[in-house]
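The structure under discussion appears below in the form of structure tokens.
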Amino acid sequence: MRILTVVGARPNFVKVAPLLDEMKRYPEVETILVHTGQHYDYQMSRAFFEELEIPKPHINLDVGSGTPVRQTAEIMLRLERVMEQTQPHVMVAVGDVNSTLSAALTAVKMGYPIAHVEAGLRSLDRNMPEEINRILTDALADFLFVTEQSGVENLLREGRPKERIYFVGNVMIDALKRSLERARRHPLPDDLGLMDRSMINLDRPFGLVTLHRPATVDDPTVLREVWTALENVAAEIPLIFPVHPRTQSRLEACGLWRRAGGSSAGILRVRPLTYLEFLHLQSKATLVVTDSGGVQEETTALGVPCLTVRETTERPITVTEGTNVLVGLNGTRLIDEVHTVLRDGGKKGRIPNLWDGQASARIVRTLVHVIPQTLAHSHDGWHDCLAGVGMAAQTVA
Ligand code: UD1
């Protein structure tokens, strides 16, 4: 059984680490790992492979940066050749980045079954490139592996058949659980600037900030509002801010990068962190301010208060059950919510159903169980066959 797994951007790497580990447990599974090259900097890519012990990709498509159209088209063209050569029985794609959609489009055009891990999440905001990637990937996928109940409901509403939907839990939390102890012991190197205790003392309260979404950083007015709020917050609690390459270029373009070195000394900007470095800081933080998707989930799993500077979330369970508060793109609200956390500790939350570290085991078990039953079938018979194996929209416990 040949499983072709495609990754491209930073959050993908975290999600496939436990999946690939799990695949190793099945001798009948042959795994082929393809890296599209969407993320290519050491800090955005290789560092994650090293720390999470992800095997070196068999193939790197080396597409690099570009407009979304160019990136998508290039990945498809290069992946077509790989699929022709490898003839996988299923293609696994994770998350919602451009590489995810490109892989799904290529597989469906070539007649290969698709498994989408982290299916069904919806922000209902079609201005987000990730939302378009999610909707389209889910429309094409044969196996839809879902992290939270809202995902099942969204997929059913969009007309996806219930026998294709598997509620399995969250592979991001599998990775977190496997790495947390190691992360807590993981040394933070000098080049983060964190060893300068006069700036940040990790034994005292601090906040951790990540911002990189186009909606937050591409509009200078929004970026200024959020940045000014963070400067205010930093007067009360020091902030550590690992800066994504996109964010750095936007801060430079609107003159905030220089100002950051001067008047906002309480905001310590550092390079993009590796997985273990970031998890280490996240687990100790008093609060996290973010516009990331995955960080909303990780803070919920860690019980750390999370203030999300977005109007919507595709991960509503982090708000209804977890530690997440949506503050919108509103500086005053952000400052108010920080005060609430500093005053009473913030939301406590609980761990969502099936976020127990076993999602990847459930996913691989499902694939290994279903795929052999399809091998005797032509592609035309594939969908009938899936319906025939008796796996209904289900919680895979
Ligand atoms: C992508 C994902 C986003 C995810 C994020 C995590 C899409 C649509 N978005 O956004 O969902 O949360 O990754 O980081 O796929 N760059 C570098 N080095 C790199 C990679 C990128 O400098 O290794 C710079 C380039 O200037 C590039 C820019 O960052 O143009 C943006 O990269 P891109 O992959 O297009 O999207 P992200 O903003 O990283």
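The values are calculated or read from the model by the stated rules, or taken from the named source; none is laboratory data. It should be emphasised that the depicted structure is a prediction, and the values quoted were computed from it without experimental measurement. No Cβ is skipped: glycine too gets one built from the backbone with ideal geometry, and neighbour counts run over all protein chains shown.
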Report summary line: When every residue in the range 61-82 that is under 20 Å from the mean Cα position of the chain (by Cα) and of a type in the set (S, T, N, Q) is compared, the one nearest to Leu105 (Cα to Cα) is Thr72
Query raised in the report: Which of the residues belonging to the range 50-71 are hydrophobic (A, V, I, L, M, F, W, C), within 20 Å of Met83 (Cβ to Cβ) and within 13 Å of the ligand (Cβ to nearest atom)?
Result: Val63
Query raised in the report: Does Thr340 meet the test of being at pLDDT 95 or above and not charged (D, E, K, R)?
Result: yes
Query raised in the report: What helices (runs of 4 or more DSSP H) completely inside the range 1-106 contain at least 3 residues that are of a type outside the set (D, E, K, R) and surrounded by fewer than 21 Cβ atoms within 10 Å (Cβ to Cβ)?
Result: 68-86
**Report entry** Residues of the range 170-201 classified as surrounded by 13 or more Cβ atoms within 10 Å (Cβ to Cβ), assigned to a loop (DSSP other than H, G, I, E, B) and either at pLDDT 80 or above or of a type in the set (Asp, Glu) (or both), total
**Finding:** 3
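One line per residue, one yes/no per condition, for (1) among the hydroxyl-bearing types (Ser, Thr, Tyr); (2) within 16 Å of the ligand (Cβ to nearest atom); (3) in contact with a Gly (Cβ under 9 Å, 6 or more places away or on another chain):
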{"position": "Asn127", "(1), (2), (3)": "no, yes, no"}
{"position": "Glu131", "(1), (2), (3)": "no, yes, no"}
{"position": "Lys162", "(1), (2), (3)": "no, no, no"}
{"position": "Leu188", "(1), (2), (3)": "no, no, no"}
{"position": "Gly193", "(1), (2), (3)": "no, no, no"}
{"position": "Phe206", "(1), (2), (3)": "no, no, no"}
{"position": "Thr210", "(1), (2), (3)": "yes, yes, no"}
Report task. Could you give me the residue pairs with C-beta distances under 6 Å whose first residue belongs to the range 31-48 and is outside the structural domain of Arg246 (by TED's automatic domain parsing), whose second residue is of a type in the set (Lys, Arg) and within 8 Å of the ligand (Cβ to nearest atom) wherever it lies, and which are 6+ apart or on separate chains? Result -> His39/Arg10; Met44/Arg10
Query - Unique match (being at negative phi, in contact with a helix residue (DSSP H, G or I) (Cβ under 6 Å, 6 or more places away or on another chain) and crowded, with 20+ Cβ neighbours inside 10 Å) among Val217, Val209 - result: Val217
Query raised in the report: Taking Thr137, is it hydroxyl-bearing (Ser, Thr, Tyr) and within 15 Å of the ligand (Cβ to nearest atom)?
Result: yes
Query raised in the report: Restricting attention to the range 72-115, and to residues there that are closer than 26 Å to Pro245 by Cβ and of a type in the set (S, T, N, Q), which single residue is nearest to the ligand (Cβ to nearest atom)?
Result: Asn98
Query raised in the report: Hey, does the range 146-159 have a residue that's touching a His at 6+ places or on another chain (Cβ under 8 Å), not aromatic (Phe, Trp, Tyr) and not assigned by TED's automatic domain parsing to the domain that holds Thr300?
Result: no
Query - Long-range neighbours under 9 Å by Cβ, at least six apart or interchain, first residue farther than 15 Å from Asn133 by Cβ within the range 69-86, second more than 14 Å from the ligand (Cβ to nearest atom) and basic (Lys, Arg) - result: Glu80/Lys109; Thr86/Arg2
Requested in this report: Name the one entry in Thr313, Thr332, Thr300, Thr320 that is more than 20 Å from Gln248 (Cα to Cα) and in contact with a Ser or Thr (Cβ under 6 Å, 6 or more places away or on another chain).
Outcome: Thr300
Query raised in the report: Before we move on, is Glu153 outside any loop (DSSP other than H, G, I, E, B), out of contact with any Phe, Trp or Tyr (no Cβ under 6 Å at 6 or more places or on another chain), within 16 Å of the ligand (Cβ to nearest atom) and over 18 Å from His369 (Cβ atoms)?
Result: no
Report summary line: Residue count, the range 1-35, condition farther than 14 Å from Asp174 by Cβ, more than 10 Å from the ligand (Cβ to nearest atom) and not basic (Lys, Arg), comes to 16
